[in-house]
Amino acid sequence: MQKNIKIITEYWGRIDPLKIEDYLNVGGYVALKKFIKEMNPGKALEEVKLSGLCGRGGAGFLTGKKWEMVAEQKSKEKYFICNLDESEPGVYKDRLIAENSPHLLLEGIIISTLTIGAKKACIYLNGNYEKAREILGQAISQALENNLLGKKILGSEFSLEVEIFSGAGAYVCGEETALINSIEGRRGEPKIRPPYPTECGLFGKPTAVNNAETIANIPYIIQNGGEKYLECATKLFVLGGSIKNRGVIEAPIGLMMREVIFELGGGMSAGKEFWFAQVGGAAGKLYLEKELDAPVLGSGAILVVDKLADIHDLLLSWTGFFRRESCGKCVPCREGTFRLNEIAERLADGEISDRDKEAVLDILWTLENTTFCPLGKFAAVAVRDAVEKLEILK
Amino acid sequence: MQKGITVEKILLECESKAQNLLPTLKKIGVVFGYVSKEDAMKVAEYFELSLARVYEVASFYDLIETKKTANLEIKVCSGGDCVLGDSTGIVHEIENYFRIKAGDENNPKVKLRKISCLGRCGEGPIMIVNGRVYEKVTRSSIYKILEEWA
Ligand SMILES: Cc1cc2nc3c(=O)[nH]c(=O)nc-3n(C[C@H](O)[C@H](O)[C@H](O)COP(=O)(O)O)c2cc1C
Ligand code: SF4
Ligand code: FES
């Protein structure tokens, strides 16, 4: 494995994100040109399937497989959506992609959309990401001026429109069916699946939804081939908490948590002692020191917690988050997240009763087994681990 | 508030299709601070949707207010990273200073809210006062910030 290859962050801070010329000078849009002149959607799909690329939005679904499902649909109208909602606490890698390499992302979106046979793409952008909105907007105008977008791209028969849709602050809108509801002007509540968006998505048409980081890998795959990518695939990690090198880093996929924290991350910040790490945002599991020899899962966020941290503050942070962000559609999650947060408040105030302790286990089970969408299950993860591994109720 | 802009003007600028509903409500929020019942009725009429449909969308999203905002709107990030940086302490400090409780929506002068992560964790703890974002806030630095808005 090549240890130092950078697919996404190579030019961060080295080229001006506001200038398309800078991106063109370092080989930007070469993949799109190759796609148009030497390939076709079928061939591109083969390469993406070969690459083994899987989703970076959390669930890890194979991108090639998803695209094939949309490409096979007979419908004339199809959509591609770049999921840049990124509301998971502790995760801001997609924002940095948009701000530092907007054209890389846009090139990925263009190739992805054409590959699945769509003519319209939408970027669903986190409502707080104002700077990213400006930068992406400018990138789209520049791509239009350079005929990399719009009608008859580079003189070919391909045409494509890309729109930005800004969200308005709702974590659940990162879930793809809720996201689609939100664009259609409804409450961002998840919908029952099946039918999956690949069949019946935006405006009822077949739709592929991909995370921004997933998409940023596409130009490399098209330019260098799926097999090459298989050898050198990378992942963005977001390091936070009591760790020396806080921020976003790109490293080979499949690294162990221990390597990421103690090598790439530089280990603990001065004077701090490792207690546990939360991996994957507020919905992430907790890992003790002895459990760190496993690959990093999920969105790539690692929050390192030191021994002096106040666990009650963190419990209030997690349970408060899910209480606010529960969309309210189903009772187990709406009530469960609310009660869990109340109990966390009593725990913090030293007023927890035996009845509360029993209730926690009941609520966790209910969240894990009966909620309508994954958000409810997410709400139980960290608290479950805190109960079992950190013994907060003892 | 921007001068000369009315809800009618905002509405006329956009095509009446459901896809434009959320962006329009957001715009009204930006210009007037919140979406009032009267405004929601105008929006419903323009988009030919029921008032319930407009209101259920307006009330769903954090970035759209449906109640008149307070003179001082303070939000403190309560994501895990900011919390490890003492954002809970900052919330307590503000609660004690103004003698208010985070989450109390009924005080017309000051409102304090704990909010979800803003994706600026590297620069945390994050505090927002009347829309302006402050980074690396501490218990003691809040006083200077609040002075700016006094
Ligand atoms: C509650 C919830 C929140 C989610 N938030 C995001 C998000 O912010 N960004 C994202 O890319 N995917 C998010 N997802 C996953 C999406 O539903 C979807 O699986 C993903 O965008 C697919 O892209 P990928 O295959 O490229 O990972 C979320 C899922 C759930 C259940
Ligand atoms: S689990 Fe929570 S977020 Fe998901 S549908 Fe039910 S209430 Fe909404
Ligand atoms: S945790 Fe506060 S900005 Fe992310």
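The values are calculated or read from the model by the stated rules, or taken from the named source; none is laboratory data. Owing to the predicted nature of the structure, the values given are computational and were not obtained by experimental measurement. Heads up, the Cβs are rebuilt from the backbone with ideal geometry, glycines too, and the neighbour counts pull from every protein chain shown. Note: accessible area is taken over every heavy atom of the protein model, side chains too, but ligands, DNA and RNA are not part of it. Shrake-Rupley method; radii C 1.70, N 1.55, O 1.52, S 1.80 Å.
What the table below lists for this structure:
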{"item": "Within-13-Å neighbourhood charge of B:CYS121 [Cβ basis; K, R +1; D, E -1]", "result": "0"}
{"item": "Loop GluC sites (Glu not before Pro), segment B:43-128 (other Cβ atoms within 10 Å of the site Cβ: 13 or fewer; DSSP)", "result": "B:GLU48, B:GLU105"}
{"item": "Heavy-atom accessible surface that B and A bury in contact, both chains counted, 1.4 Å, Å² to 100", "result": "2800 Å²"}
{"item": "Among B:LEU72, B:ALA40, B:ALA18 - extreme Cα towards positive end, dipole of segment B:1-120, charges at beta-carbon", "result": "B:LEU72"}
{"item": "Per DSSP, loop chymotrypsin sites (Phe, Trp or Tyr not before Pro) in segment B:27-72 with at most 14 further Cβ within 10 Å", "result": "B:TYR34"}
{"item": "Segment B:72-149 - percent relative contact order, Cα under 8 Å, separation 6 or more", "result": "39 percent"}
{"item": "Computed over chain A: relative contact order in percent, which uses C-alpha pairs under 8 Å that are six or more apart", "result": "17 percent"}
{"item": "Alpha-carbon Debye profile of the protein assembly as shown, log10 I(q)/I(0) at 0.07, 0.12 Å⁻¹", "result": "-0.40, -1.24"}
{"item": "Spin-label pair A:ASN25/B:LYS17, simplified geometry with 7 Å Cα→Cβ offset, distance in nm", "result": "4.0 nm"}
{"item": "Whole-angstrom gap from segment B:32-97 to segment A:265-339, using each part's C-alpha centre", "result": "25 Å"}
{"item": "Heavy atoms of A:SER242 accessible to a 1.4 Å probe, total area in Å² rounded to 10", "result": "10 Å²"}
{"item": "Links that overshoot a 30 Å alpha carbon limit, given the list A:LYS49/A:LYS119; A:LYS34/B:LYS27; A:LYS272/A:LYS377; A:LYS34/A:LYS205", "result": "A:LYS34/B:LYS27; A:LYS272/A:LYS377"}
{"item": "For the protein assembly as shown, accessible area per residue (1.4 Å probe, heavy atoms of protein chains only), Å²", "result": "44 Å²"}
{"item": "Accessible area (Å², 1.4 Å probe, nearest 10) - A:ASP349", "result": "100 Å²"}
{"item": "Rounded accessible area of A:TRP275 (nearest 10 Å², 1.4 Å probe)", "result": "70 Å²"}
{"item": "Among A:VAL279, A:VAL30, A:VAL296: highest mean-square fluctuation, GNM of chain A, C-alpha pairs under 10 Å", "result": "A:VAL30"}
